[in-house]
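Let me begin by presenting the structure, written as structure tokens, before commenting on it.
Taken together, the values in this text are just the output of simple stated rules run on the coordinates, not laboratory data. Please read all numbers here as calculations on a predicted model, not as lab measurements. We place every Cβ from the backbone using ideal geometry, glycine too, and count neighbours over all the protein chains shown.
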Amino acid sequence: MADVAALRTRAVVWAGRTAGDWVGRVPHLSVELPSGTVGLGADPVAPGFGARVFAAGGGGHSDYLASGSTAPANIARIVADLPLRWTKGASLDRRIVGEGR
């Protein structure tokens, strides 16, 4: 997907990435091949994608579901329509603090 609009939904689209996730350092692009499309496509936490970004904590790629992790706590709070928890110091968190929810 190029951006939220390409999803063709009226739903609010959320995205999060931990500060230490190696996926953030991988080029976000896709390539059309005769057998299909390969690649990651657009970065869902980039401002141009259009998703609302939630704090996912400071862990790595395998830490999203770790006990006490910020990501599942914030996903639960999104579903319950409660204010989000913020993790100080994570690069994405500085961009989204104050956006509110």
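Arranged from highest to lowest average of other beta-carbon atoms within 10 Å per residue, in what order do the peptides 28-36, 77-85 appear? Walk me through the intermediate numbers first.
Working: 28-36: 9.1, 77-85: 12.0.
Descending mean neighbour count gives 77-85, 28-36.
What is the calculated FRET efficiency for HIS28 to ASP81, with r their C-beta to C-beta distance and R₀ = 30 Å, to the nearest 0.05? Show your work: numbers first, answer last.
On the way: r = 30 Å, r/R0 = 0.99.
With a Förster radius of 30 Å, E is 0.50.
From the C-alpha coordinates alone, can you work out the Kirkwood hydrodynamic radius of the stretch 4-96, in Å?
On the way: mean 1/r = 0.0696 Å⁻¹.
So the Kirkwood estimate lands at 14.4 Å.
Restrict the search to the stretch 1-70; then list the trypsin sites (Lys or Arg not before Pro) that DSSP places in a loop and that have at most 12 other Cβ atoms within 10 Å of their Cβ.
Working: sites: ARG8, ARG10, ARG17, ARG25, ARG52; in loops: ARG8, ARG10, ARG17.
Taking the stretch 1-70 and a limit of 12 other Cβ atoms within 10 Å, the loop trypsin sites (Lys or Arg not before Pro) found are ARG8, ARG10.
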